[in-house]
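The structure under discussion appears below in the form of structure tokens.
The values are calculated or read from the model by the stated rules, or taken from the named source; none is laboratory data. Please read all numbers here as calculations on a predicted model, not as lab measurements. Here Cβ is always computed from backbone atoms with ideal geometry, including for glycine, and neighbour counts include all displayed protein chains. Heavy atoms of the whole protein, side chains included, go into the accessibility calculation; ligands, DNA and RNA do not. Shrake-Rupley method; radii C 1.70, N 1.55, O 1.52, S 1.80 Å.
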Amino acid sequence: FGNLLGCISARRAKSLFAMIVAALRSILLAVAARDVAASEGQSGWGWRRSTSTRTSTTTTTTVTTTTTTTTKGCTERSGENYDLKWEARGQGFFDSWNFLEWDANNGAAEYLNREQSFAERVVQADDTHSILRVGGRGAHLKRKTVKIQTQKSWKYFLAAIRLTHVPFGCGLWPAFWTRDSSMSWPNGGELDILEYANDIPSQTSLHVGEPNRCQLDAVETSGPGCPAMPDMNHMDYDCVTRYPDRLGCGPNKLPLQSPAEWNQHPVTFVVEWTEDFIKIWRIPDYALPADLTDNWPQPNEWDRWLTSYYPLRRSGDKCPNPENVMAPQHLVLNIGLCGDWSGKIWDKSPTCLGLNSPAQGCRAVDPLKDDGNMENDCCTQYVWDADGSHGTDAFLQEHGFFNISWVKVFQRRDG
């Protein structure tokens with residue numbers, strides 16, 4: 001190697017050395033992710049690695065690790081001292097969650113109650129991790145799945161979830177979000193921390209009603225010299241929601257990230273909600289701060305991983321009641337199927353059309369606009385898979401599950 005360096009310029013030697021370092025770093029990250037997955041039983045149907053054969057629905061994704069530096073002063077910082085108030089982990093993970101059975105998304109999800117969920121093994125809890133998954137066929141055109149909501153709710157908090165696997169692929173509509181249970185939706189607010197459908201990237205969104213209206217100031221959201229955060233809902237940062245035409249606001253840093261990447265490198269999502277703003281971070285496992293894992297979070301130091309920023313108070317008259325944009329919020333985790341989103345956009349994905357398409361006699365049904373005949377819906381037919389010809393059981397066994405290490409909620413030390 002010394003002889004080689006002697007034959008080339010110092011500049012090329014420096015470049016070669018940098019390439020070697022980068023390659024070694026990628027190898028170390030891949031090994032770390034493999035070891036984490038192995039130690040935490042990353043399998044959709046138990047704690048052993050799945051032995052099922054991959055089907056044609058498998059998506060191959062090139063993983064790119066990027067580090068973005070957020071300019072100091074681009075966003076507000078709370079400066080708060082946080083104490084741990086609630087935690088779900090280990091074999092008692094599900095003890096303080098309620099199991100919800102309603103589906104407001106007109107899809108193929110048959111949400112099970114607590115007893116059914118454990119009996120059907122769509123939920124499992126171990127010492128090191130917990131699993132939420134899509135199960136087998138249920139009622140006509142439905143699949144068994146799960147939606148859980150914290151029994152407690154909080155106003156202003158810092159919440160975090162560490163994930164070593166997320167559901168990803170055609171027909172799936174996973175989400176980690178917050179909601180109010182005291183008033184009609186969306187007047188109590190809803191914050192989507194992680195949400196996506198089929199094979200599209202994930203993004204965040206905020207939904208409010210007219211009584212708690214809020215439109216974010218575009219300059220405050222993406223100021224000069226600061227990372228751009230365009231409204232990915234294309235609503236000019238108007239958070240008022242009334243489907244199907246008004247979608248809420250969604251400031252997100254680009255590029256959006258494919259959830260398939262998170263299944264190769266574990267990720268932690270953190271949300272901080274104060275009287276003045278909402279911030280969401282997506283932190284890769286190799287950078288997970290010790291202050292968070294040790295339960296003394298210092299969010300002022302995390303902005304390099306900031307993925308979404310909602311400047312409520314700084315938006316002025318456009319957001320006239322920033323401290324009450326949302327009522328106290330529950331955390332919700334669920335795996336939806338088809339319906340208003342993943343079913344409606346089925347024909348926008350070449351991958352999904354390769355599985356079931358109008359050429360095979362189906363169509364992409366929008367339940368809010370069409371006749372609601374789900375018998376001919378491409379997504380519903382694929383998820384239901386009446387005769388097993390699509391191989392959906394095997395696909396969901398390998399791809400249709402959350403693997404969760406823990407969920408934590410912190411609040412300010414003064415209450």
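Descriptive notes on the structure:
- Listed residues Thr293, Thr307, Met326: farthest to the positive end of the dipole of the stretch 284-348 (Cβ charges): Met326
- Area accessible to solvent at Ile200, 1.4 Å probe radius, in Å²: 50 Å²
- Straight-line reach from Lys147: taking Cα to Cα under 16 Å and skipping same-chain neighbours fewer than 8 places apart, the aspartates and glutamates in range are Asp95, Glu101, Asp103, Glu110, Glu115, Glu120, Asp180, Glu190, Asp192, Glu195.
- For the stretch 194-332: relative contact order, % (alpha-carbon pairs under 8 angstrom, 6 or more apart): 27 percent
- A 1.4 Å probe run over the stretch 285-363, with the rest of the protein chains in place, finds 40 Å² accessible per residue.
- Only lysines eight or more places from Lys152 in sequence, or on another chain, were considered; those with a Cα closer than 29 Å are Lys85, Lys144, Lys279, Lys408.
- Where His165, His265 fall by accessible area, highest first, once all protein chains stay in place (1.4 Å): His265, His165
- Globularity index of the stretch 279-410, i.e. its alpha-carbon radius of gyration over 2.2 N^0.38 Å: 1.49
- Under 5 Å, built H, 5+ apart or other chain: amide partners of Cys319: Gln215
- For the stretch 258-266, 3J(HN,Hα) per residue [Karplus equation, 6.51 cos²θ - 1.76 cosθ + 1.60, θ = phi - 60°, Hz, x = Gly/Pro]: 6, x, 4, 5, 5, 7, 9, 9, x
- Among beta bridges that DSSP assigns inside the stretch 154-295, antiparallel share in %, nearest 5: 95 percent
- Candidate residues Tyr309, Tyr243: accessible-area rank, largest first, probe 1.4 Å: Tyr243, Tyr309
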